[in-house]
Amino acid sequence: MKSIVLIALLMPAAVAAESFRCGQSIATPDMSVEELLEKCGAPTDKKVEVIDIYGPTVAGAGRVKRGTSKIETWTYDRGSQSFDMIVTIVDGKIKSMERGPVD
C-alpha cells in the first residue's frame, strides 16, 4: 500500500520535469533562472504573485506569518505547431517546466 502512495506522490514531479528546446539550446528544470534567460530570452508572458507563508506559533495554538514567497509563472510561446512551455519559479529557483495548451 505504501508503495502505491509513494508512486502517486512521485508522478506529478515526473510530469513537471519537462525540458524544451530554445533555438540551439535545451532548457531544463535544473538550470538557473539566469541560464534560462540567456538560452531562451525573455518569456512571452510573465505573472508574479507574492504569497504569505504561515507557521505555528511558539505555543502551537494558532499560526503566525513567517514571511513571503514569490511565485513567477513564465510562458514561452513556441508557435502554433508546438506546446507553450510554462515555467514556474519560486523564490528565484526553477521548480517546474510543463507543457501548456497548443495554440
Q.
From the phi angles alone, apply the Karplus equation (6.51, -1.76, 1.60; θ = phi - 60°) to the stretch 65-76 and give each ³J(HN,Hα) in whole Hz, x where the residue is Gly or Pro.
A. 5, 9, x, 10, 9, 9, 10, 10, 10, 9, 10, 9
Q) Relative to the present Cα-Cα distance, how much length would full extension add between T44 and S82 at 0.36 nm per residue of separation? A) 12.3 nm
Q: Can you pull the one-decimal nm distance between simple spin-label points at K93 and T75, each 7 Å off the Cα toward Cβ?
A: 2.7 nm
Q. If you rank S96, S32 by how much accessible surface each has, with a 1.4 Å probe, what is the order from largest down?
A. S32, S96
Q) Non-local amide H neighbours of A27 (under 5 Å, H modeled in plane, Pro and chain starts lacking H): which ones? A) F20, R21, C22
Q: For I51 and E35, calculate 0.36 nm times their separation in residues minus their Cα-Cα distance, and state this gained length in nm to one decimal.
A: 3.2 nm
Q. If you plug each phi of the stretch 79-87 into the Karplus form 6.51 cos²θ - 1.76 cosθ + 1.60 with θ = phi - 60°, what whole-Hz ³J(HN,Hα) values come out, in order, with x for Gly and Pro?
A. x, 6, 9, 10, 5, 5, 10, 10, 10
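The values are calculated or read from the model by the stated rules, or taken from the named source; none is laboratory data. What you see is a predicted model, and the numbers here were worked out from it, not measured in a lab. Positions of Cβ are generated from backbone atoms using ideal geometry, with glycine treated the same way; all protein chains shown enter the neighbour counts. In case anyone asks, the SASA skips ligands and DNA or RNA and just uses the protein heavy atoms, side chains included. Shrake-Rupley method; radii C 1.70, N 1.55, O 1.52, S 1.80 Å.
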